[in-house]
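Chemist: If you scroll down you'll find the structure; I have some questions about it.
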Amino acid sequence: MQLSNSTAESAGWPGPLGGIKVIDLTRVLAGPFMTQILGDLGAEILKIETPGYGDETRTFAPKVEGESHYFMALNRQKKSLVIDLQKPKGADILRKLIANADVLVENFRPGVMARLGFDNETVKAINPRLINCSISGFGMTGPLKDKPSFDIVTQAMGGVMSVNGAAGSLPVKLGIPMGDMVGGIFGSIGVLSALLERQATGSGRLVDISLHDGMLGLLGYLSQIYFLTGKDPKPVGTRHPNIVPYGDYPAKDGQIIIACLMQSFWPKLCVALDCPEFSDDPRFNTVAARLIHRQEVDRIISDITSQQTVDYWVECLTKHDVPHAPVLSVGSALEHPQSIARDMVVRAMHPLVGEIQMVGRPIKFPGSPQTALNPPPVLGQHTREILSRELKLSSNELDILTQEGVIDRID
């Protein structure tokens with residue numbers, strides 16, 4: 001496995017965003033997930049944390065050597081600076097950092113940056129080339145713009161909870177915090193697009209990311225069902241509302257997923273299940289026919305799959321080229337040979353915890369391996385290093401700022 005060293009930059013290609021400097025004012029999930037994506041792609045992420053506890057997620061249990069699992073999951077590839085932005089000298093430090101940055105990302109409620117003295121017009125005056133990205137629950141406009149929001153709020157308001165869960169069940173949130181993570185995904189796309197535009201225009205721009213917008217944007221074909229029929233899609237568990245067979249089926253020792261999204265896979269499945277006659281049966285030989293006879297199709301398949309183990313069906317369905325999957329736990333998914341082969345589990349040396357495992361980069365660049373991933377930073381780990389480098393502050397000047405509680409104030 002890949003090994004990263006937290007005390008020195010690894011030699012090699014940083015990634016396509018090498019040389020891009022990001023000021024990260026985000027905390028909790030949506031913003032940190034976004035800046036972690038940019039860091040994975042090679043940008044230098046300067047994470048500005050408040051004195052005391054820093055990012056709120058540093059307090060979330062469980063912890064190892066005082067370091068939170070939550071913070072560690074979302075803040076690799078970053079450098080932590082503790083700066084009190086409510087002190088005039090702290091705000092002045094931020095202004096100077098912004099002047100030399102490419103991107104600023106924050107996920108406060110609309111209006112907070114203005115109260116801190118960093119509204120978009122002010123920031124634009126400091127650095128006209130800056131990409132200024134704001135992530136919030138409902139965006140900068142609309143009747144809910146001032147409403148607080150977290151993952152479960154976004155999932156509920158975005159329609160996702162209404163279609164998640166077993167048929168007839170009460171609304172269930174997704175197991176992963178997609179209501180927050182969607183901000184990181186679309187925020188990254190927005191910033192990358194603005195950086196590309198800047199190459200042509202020389203000017204930065206404001207990027208307004210709403211978690212609610214993002215969740216609606218992920219509804220996909222479910223939104224189109226409503227637009228075309230006027231009817232709300234209902235939860236169907238692991239099943240598909242219009243495709244059969246598609247979902248989980250019982251095995252002797254667990255569940256096996258079978259996903260015949262295209263008609264071409266139906267004859268292959270019939271052969272794999274040792275019932276080739278169903279391939280041409282008029283009740284089952286088209287997508288529309290199988291949807292009409294959904295209960296019968298699912299019953300027939302379940303009766304057959306329940307007679308063998310999950311491993312048997314993985315081998316059998318692989319042999320016949322039928323899309324399928326065992327239902328893996330988080331640990332089994334991380335330890336799967338495919339995950340290991342794709343470097344999706346890597347190791348790094350954390351300054352307090354020691355060697356840790358982390359999820360690897362989801363985006364690959366064949367032929368140009370990137371430098372090893374750096375672990376999430378300890379609170380304030382890089383304050384003096386970055387301010388010395390970026391603002392040319394002397395050791396004595398840094399000592400004075402520390403004594404005044406402007407930087408490195410850790411409770």
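Each reported figure results from applying straightforward, stated rules to the coordinates on display, with no laboratory input. A quick note: this is a predicted structure, and the numbers were derived from the prediction, not measured. In this analysis, Cβ positions are derived from the backbone assuming ideal geometry, glycine residues included, and neighbour counts consider all displayed protein chains.
Chemist: What are the lysines whose alpha-carbon lies under 17 Å from the alpha-carbon of K234, with same-chain residues fewer than 8 places away excluded?
Modeler: K173
Chemist: Taking the alpha-carbon distance from K319 and a cut-off under 17 Å, which lysines remain once sequence neighbours fewer than 8 residues away in the same chain are dropped?
Modeler: K268
Chemist: Measure out, as a whole number of angstrom, how far apart the alpha-carbon centroids of the range 209-224 and the range 255-277 sit.
Modeler: 32 Å
Chemist: Can you tell me the equivalent ellipsoid semi-axes for the range 95-221? Use √(5λ) from the Cα gyration tensor, largest first, whole Å.
Modeler: Listed largest to smallest, the semi-axes of the range 95-221 are 32, 16, 10 Å.
Chemist: Between D311 and I400, with labels modelled 7 Å along Cα→Cβ, what's the label distance in nm to one decimal, could you check?
Modeler: Label at D311, label at I400, 7.0 nm between them.
Chemist: Here's another thing I want to ask about it. Between S395, S80, S210, find the one with the highest GNM mean-square fluctuation for the chain; connect C-alpha pairs within less than 10 Å.
Modeler: Checking each option, the largest mean-square fluctuation is seen for S395.
Chemist: Of E277, E56, E121, which is the most mobile in a GNM of the chain whose springs link Cα atoms less than 10 angstrom apart?
Modeler: Among E277, E56, E121, the largest GNM mean-square fluctuation belongs to E277.
Chemist: Quote the relative contact order of the chain in percent (integer), defining contacts as alpha-carbon pairs under 8 Å separated by 6+ residues.
Modeler: 22 percent
Chemist: Using only DSSP helix segments of four residues or longer, with each worth -39500 (n - 2.57), what per-residue ellipticity at 222 nm results for the chain after dividing by its residue count and rounding to 500?
Modeler: -10500 deg cm²/dmol
Chemist: Subtract the Cα-Cα distance of T229 and V327 from 0.36 nm times their separation in residues, and report this length gain in nm to one decimal.
Modeler: Full extension of this stretch gives 32.0 nm more.
Chemist: Return, for the Cα atoms of the range 246-328, the radius of gyration and Dmax in Å, separated by a comma.
Modeler: Cα radius of gyration and Dmax of the range 246-328 are 11.7, 35 Å respectively.
Chemist: Using the Cα atoms of the range 196-258, I'd like the radius of gyration and the largest Cα-Cα distance, Dmax, both in angstrom.
Modeler: Looking at the range 196-258, its Cα Rg and Dmax stand at 20.1, 62 Å.
Chemist: Quick one: Debye curve from the alpha-carbon atoms of the range 326-411 only, equal weights, vacuum; give me log10 I(q)/I(0) at q = 0.11, 0.17, 0.22 Å⁻¹ to two decimals.
Modeler: -0.53, -0.84, -1.06
Chemist: Please report the spacing between the Cα centers of the range 292-358 and the range 66-85 in Å, no decimals.
Modeler: 32 Å
Chemist: Given Cα pairs under 8 Å that are at least 6 residues apart, what percent is the relative contact order of the range 197-306?
Modeler: Result for the range 197-306 is 20 percent.
Chemist: Now for a different question. Which loop trypsin sites (Lys or Arg not before Pro) in the range 193-267, with loop taken from DSSP, have no more than 11 other Cβ atoms within 10 angstrom of their Cβ?
Modeler: Counting only loop positions with at most 11 other Cβ atoms within 10 Å, the trypsin sites (Lys or Arg not before Pro) in the range 193-267 are K231.
Chemist: Between T309, T371, T154, which gets the highest mean-square fluctuation from a Gaussian network model of the chain, Cα cutoff 10 Å?
Modeler: Its mean-square fluctuation being the largest, the pick is T309.
Chemist: Restricting to the range 29-135, what percent of DSSP beta bridges are antiparallel, rounded to 5?
Modeler: 20 percent
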